[in-house]
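Asker: Take this structure, written in structure tokens, and hold onto it; I'll ask about it next.
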Amino acid sequence: MDILTLQQTSSPAQLASEHLRALWYDLHGDWDSAHRIVQQLSDVPAMWIHAYLHRKEPDLSNARYWYRNAGKPFPEGQSFAQEAESILALLG
């Protein structure tokens, strides 16, 4: 799945995972719902999404914490769209 497909999906209920639902909410301007979802998950993809959300917030110290937990470098110079695409590629 790519960002365009995710943005064009009409409802998060159609998505196969909580990770995709979190990204769907973020891409549709609902940061709080996206954050609520990833707060309930504890795997590496969720930690990466959590980091990405805090980078967008921006709460960079919190984002750095979550990037470390996810084992990911802080994405210096990377756009949010590029990072979302990388997360989506990981999710398959």
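Asker: Can you give me the % of accessible surface on region 8-88 that is carbon or sulfur? Probe 1.4 Å, all protein chains present, nothing else counted. Can you show the working numbers first?
Answerer: Values: 2080 of 4220 Å².
Carbon and sulfur together cover 49 percent of it.
Asker: Sort 58-66, 23-31 by packing, meaning the average of other beta carbons within 10 Å per residue, with the highest value first. Don't skip to the answer; put the middle values down first.
Answerer: Details: 58-66: 14.3, 23-31: 17.9.
Result, highest mean Cβ count within 10 Å first: 23-31, 58-66.
Asker: In nm, to one decimal, how far is the residue 28 label point from the residue 57 one, both placed 7 Å along Cα→Cβ?
Answerer: Label-label distance for residue 28 and residue 57, simple model: 2.3 nm.
Asker: Additional query: At each listed q (0.17, 0.20 Å⁻¹), what is the log10 of I(q)/I(0) that the Debye formula gives for the chain modelled as equal alpha-carbon point scatterers?
Answerer: Log10 of I(q)/I(0), two decimals: -0.63, -0.90.
Asker: Express the accessible area of the chain per residue in Å², computed with a 1.4 Å probe while the remaining protein chains stay in the model. Write down the numbers at each step before the final one.
Answerer: Numbers: 4940 Å² over 92 residues.
Result: 54 Å² per residue.
Asker: Next question. For residue 74 and residue 4 in one chain, what is 0.36 nm times their gap in residues minus the Cα-Cα distance, to one decimal in nm? Can you show the working numbers first?
Answerer: Values: separation 70, 0.36 × 70 = 25.20 nm, distance 2.41 nm.
The residue 74-residue 4 span can extend by a further 22.8 nm.
Asker: Still on this structure, I have one more. If Lys and Arg each add +1 and Asp and Glu each add -1, what is the summed charge of the other residues whose beta carbon sits under 12 Å from the beta carbon of residue 34?
Answerer: On the way: positive: 21, 36, 56; negative: 18, 26, 30, 32, 57.
Taking every Cβ under 12 Å from that of residue 34, the sum is -2.
The values are calculated or read from the model by the stated rules, or taken from the named source; none is laboratory data. These figures come from a predicted structure and were not determined experimentally. Positions of Cβ are backbone-derived with ideal geometry, glycine not excepted, and every protein chain shown enters the neighbour counts. Each accessible area value is taken on the protein alone, full model and side chains, heavy atoms only, with ligands, DNA and RNA left out. Shrake-Rupley method; radii C 1.70, N 1.55, O 1.52, S 1.80 Å.
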